[in-house]
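Peer 1: I have a structure here, written as structure tokens, and I will follow up with some questions on it.
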Amino acid sequence: MKQMTILLTLMPALILLWSGAAAAHCEIPCGIYDDQMRIRLIAEDITTVEKAMKRIGDLSAEKPINYNQLVRWISNKEEHATKIQHTVTQYFMTQRINPDQEKYAEKVTLLHQMLIAAMKCKQTTDLDHVTTLRTLLKKFETLYFGPHED
């Protein structure tokens, strides 16, 4: 009976894990971090947002408009902009950037600017917001890891 109670208690968490809904990095201090990978994932999400914006423009100009594909690309753009916001807040701001770190204010400012740029990507198909996101990500990466040695 005790094992059944434990299983029933853990069932919601297990379902989330098996379904892939718990794909984001945990918020327990496990010490397993791959900051470079998170930067690469944000860069990939930015590229996806850019492609979606371009496809939305192309599809909007077609006659007749393929609304099914148009909606799919809009949803895709929203999803990847949201992923950027999630990684910025839940990974970097919550877990990796601490008030006692050097250049804390600069790091948080860049991350906040990334959140705003991602929000603007959701609101429009203006590719300038993608350029802004890329620039901010590069600045943050340099501030966070230090200058690249080529």
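The values are calculated or read from the model by the stated rules, or taken from the named source; none is laboratory data. No experiment lies behind these values; they were computed from the predicted model shown. Every residue, glycine among them, receives a Cβ derived from its backbone with ideal geometry; neighbour counts consider all protein chains shown.
Peer 1: How many residues does the stretch 108-150 contain that are in contact (Cβ under 8 Å) with a residue 60 or more places away in the chain, of a type in the set (Val, Ile, Thr) and in a helix (DSSP H, G or I)?
Peer 2: 1
Peer 1: Any idea which of LEU59, LEU127, LEU110 is buried (at least 19 other Cβ atoms within 10 Å of the Cβ), of a type outside the set (Phe, Trp, Tyr) and either under 23 Å from PHE145 (Cβ atoms) or touching a helix residue (DSSP H, G or I) at 6+ places or on another chain (Cβ under 9 Å) (or both)? It would help to see each step written out before you state the result.
Peer 2: Working: LEU59 fails: buried (at least 19 other Cβ atoms within 10 Å of the Cβ); LEU127 fails: buried (at least 19 other Cβ atoms within 10 Å of the Cβ).
Every option except LEU110 fails the conditions.
Peer 1: Please work out if ILE74 is assigned to a helix (DSSP H, G or I), touching an Asp or Glu at 6+ places or on another chain (Cβ under 9 Å) and surrounded by 13 or more Cβ atoms within 10 Å (Cβ to Cβ). Steps first, please.
Peer 2: Working: assigned to a helix (DSSP H, G or I): yes; touching an Asp or Glu at 6+ places or on another chain (Cβ under 9 Å): no; surrounded by 13 or more Cβ atoms within 10 Å (Cβ to Cβ): yes.
Judged against the criteria, ILE74 is not a match.
Peer 1: Have a look at GLN90, GLN101 and point out the one that is over 16 Å from the mean Cα position of the chain (by Cα) and surrounded by fewer than 16 Cβ atoms within 10 Å (Cβ to Cβ).
Peer 2: On the way: GLN90 fails: over 16 Å from the mean Cα position of the chain (by Cα).
Every option except GLN101 fails the conditions.
Peer 1: Taking only pairs six or more apart or across chains, which ones have beta-carbon atoms under 9 Å, a first residue in the stretch 95-106 that is touching a residue at least 24 places away in the same chain (Cβ under 8 Å), and a second residue that is among the hydroxyl-bearing types (Ser, Thr, Tyr) and surrounded by 12 or more Cβ atoms within 10 Å (Cβ to Cβ)?
Peer 2: GLN95/TYR33; ARG96/TYR33; ARG96/TYR144; LYS103/TYR144
Peer 1: Kindly list the number of the only condition in (1) part of a helix (DSSP H, G or I); (2) free of Cβ contacts under 8 Å to residues at least 40 places away in the same chain that fails for MET53.
Peer 2: Of (1) part of a helix (DSSP H, G or I); (2) free of Cβ contacts under 8 Å to residues at least 40 places away in the same chain, only one is false for MET53: (2).
Peer 1: Return only the number of the condition from (1) touching a Lys or Arg at 6+ places or on another chain (Cβ under 8 Å); (2) more than 18 Å from VAL49 (Cα to Cα) that LEU127 does not satisfy.
Peer 2: Checking LEU127 against (1) touching a Lys or Arg at 6+ places or on another chain (Cβ under 8 Å); (2) more than 18 Å from VAL49 (Cα to Cα), the one that fails is (2).
Yes/no per residue for (1) of a type in the set (Val, Ile, Thr); (2) modelled with pLDDT of 95 or more:
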{"residue": "THR9", "(1), (2)": "yes, no"}
{"residue": "ILE42", "(1), (2)": "yes, yes"}
{"residue": "LYS54", "(1), (2)": "no, yes"}
{"residue": "GLY57", "(1), (2)": "no, yes"}
